[in-house]
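First comes the structure, then the notes that go with it.
The values are calculated or read from the model by the stated rules, or taken from the named source; none is laboratory data. All values derive from a computational prediction rather than experimental measurement. Note that each Cβ is placed from the backbone with ideal geometry, even for glycine, and that neighbours are counted across all protein chains shown. Surface areas here come from the heavy atoms of the whole protein model, side chains and all, with no ligands, DNA or RNA. Shrake-Rupley method; radii C 1.70, N 1.55, O 1.52, S 1.80 Å.
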Amino acid sequence: MATKPPSAFLLAARDVDPLSWFTGPYVPLVFAVFVFLYGGLLSVSTWNESDAPGLQLLGVALCTIACLLIQLLTSRRNRFDWQLGVVAVGVGGSGLVVSALGYSQSVFRIDLWWAPFCFALVMACLAPYLAAWRLLSYGFIALATAVPAAFLIVDARVPDWGSVSVFLMIATPVGVGTAATTAFSYSVVHQMLPIVDNRSSAVVSELLELDPADEEAERASLARYTARAVPFLRMIADRGTVVPADRSLAGEIARYLRDDLVSRTDLAWLGLRADDTRVVVIDPERRADALRAPQRTAIRDLVRAVLDDPGTDATTMLIELRAREDGSTAVAITLDTELPEGRRVRHLAPYYFNLRGAVTDMHMGRDGISFSVPPEYH
């Protein structure tokens, strides 16, 4: 029974793309600096407008601490979701209310009030870490608790504005921030889910024309490669940060998988299974893709004739393709055939002459054969 794909509304951005968040781990820290500088500057510049200016500094400190707490929680190995929302609404909302209390006995210009905007920044810190539905929920909680409390405290102290205008000036930054962060989270997850949900069937080449056994072998190889990388990716996702040691390990895994995958998938045009370990192909420029069907067939027949001989040590066969300056492809096939009984005579005449009809500049030696595929054949 097919499972229902996850909804973009239920997943956080870090759930679907843990490694690309270069700035993600530092969003709360950057916002903390901005809240501290913006709130502190406006608090000092409007110092004389409040009967308790110290409460403005306390409010700035609470909003800054809320951002720093979110930074701390998202940097831990354990996953925190509801705790992040509680910190943002509880501690950040307390900063808004404390700042409002500082103006409870003063007449002040609400258009210079720093607290609503800084509280919105605290809520925006949650964008990379919570699902869209959680962001929307905590935004509504903030609009139903801290915002009305601050409004009731300062409404009577803003005589130049009506009550509706005062409420909108306090609630708008939080409402816009909630809508923006929710849309951001949903958009990122919605775009990434098709990539994350892509199955290995899209990776298995349709050009190989494999039989069921070969296709199963290739899928097993893909599963083996995935098993090497998944634990590392899960560790990064759980931790939520990437350290220099992780980058080094990721590079080693990438190089290992690349070398293994290239050496295995290059066997397909020879008609060999993806898990066949008897032959190593070196074709960094993918010259095999440019060969015509007659060239591929001739080379494949010659290789299979050698591999099918039970008396040959085929574990040392090496096939190398290189581009020449004139545009042709140089091919070298070597095989270590030292046997205890001495030199053996191989009857490869049919395959040899078949190959000569498709290539040029052929040379056959005791331990290998080389030839060129002219550029006009590509």
* **Test set (1) part of a helix (DSSP H, G or I); (2) open to solvent by 40 Å² or more (accessible area, probe 1.4 Å) - A100 fails condition number** => (2)
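A217: at pLDDT below 65, surrounded by 14 or more Cβ atoms within 10 Å (Cβ to Cβ), among the small types (G, A, S) and over 26 Å from V16 (Cβ atoms), yes or no?
Values: at pLDDT below 65: yes; surrounded by 14 or more Cβ atoms within 10 Å (Cβ to Cβ): yes; among the small types (G, A, S): yes; over 26 Å from V16 (Cβ atoms): yes.
Here the answer is yes, as A217 does meet what is asked.
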* Structure fact -> Of those in the stretch 105-124 that are in contact with an Asp or Glu (Cβ under 8 Å, 6 or more places away or on another chain) and open to solvent by less than 30 Å² (accessible area, probe 1.4 Å), the residue nearest to V35 (Cα to Cα) is F108
* Subset of the stretch 152-189 (residues that are surrounded by 21 or more Cβ atoms within 10 Å (Cβ to Cβ) and of a type in the set (K, R)) -> none
* Asked: Does the stretch 132-146 hold any residues that are hydrophobic (A, V, I, L, M, F, W, C) and either in contact with a Lys or Arg (Cβ under 8 Å, 6 or more places away or on another chain) or surrounded by fewer than 22 Cβ atoms within 10 Å (Cβ to Cβ) (or both), and which are they?
  -> W133, L136, F140, I141, L143, A144
* Asked: Do we have any residue at all in the stretch 232-250 that's modelled with pLDDT under 70, farther than 23 Å from A332 by Cβ, open to solvent by 30 Å² or more (accessible area, probe 1.4 Å) and not small (G, A, S)?
  -> no
* Asked: What are the residue pairs meeting all of these: first residue in the stretch 56-78, first residue closer than 11 Å to F31 by Cα, second residue hydroxyl-bearing (S, T, Y), Cβ atoms under 8 Å, and 6 or more apart or on different chains?
  -> I70/Y129; Q71/Y26
* Asked: Just wondering, is there one or more residues in the stretch 271-283 that are modelled with pLDDT of 70 or more, among the acidic types (D, E), within 25 Å of P374 (Cβ to Cβ) and open to solvent by less than 20 Å² (accessible area, probe 1.4 Å)?
  -> yes
* Which condition number does R77 fail, the rest of (1) surrounded by fewer than 23 Cβ atoms within 10 Å (Cβ to Cβ); (2) assigned to a helix (DSSP H, G or I) being met? -> (2)
* To do: Please identify the pairs in which a residue from the stretch 33-50 that is in a helix (DSSP H, G or I) has its Cβ atom under 9 Å from the Cβ atom of a residue that is among the charged types (D, E, K, R) and open to solvent by 80 Å² or more (accessible area, probe 1.4 Å), counting only partners at least 6 apart or on another chain.
  => E49/R109
* Evaluation of Q71 against (1) at pLDDT below 90; (2) within 39 Å of the chain's Cα centre (by Cα) (one fails), failing number -> (1)
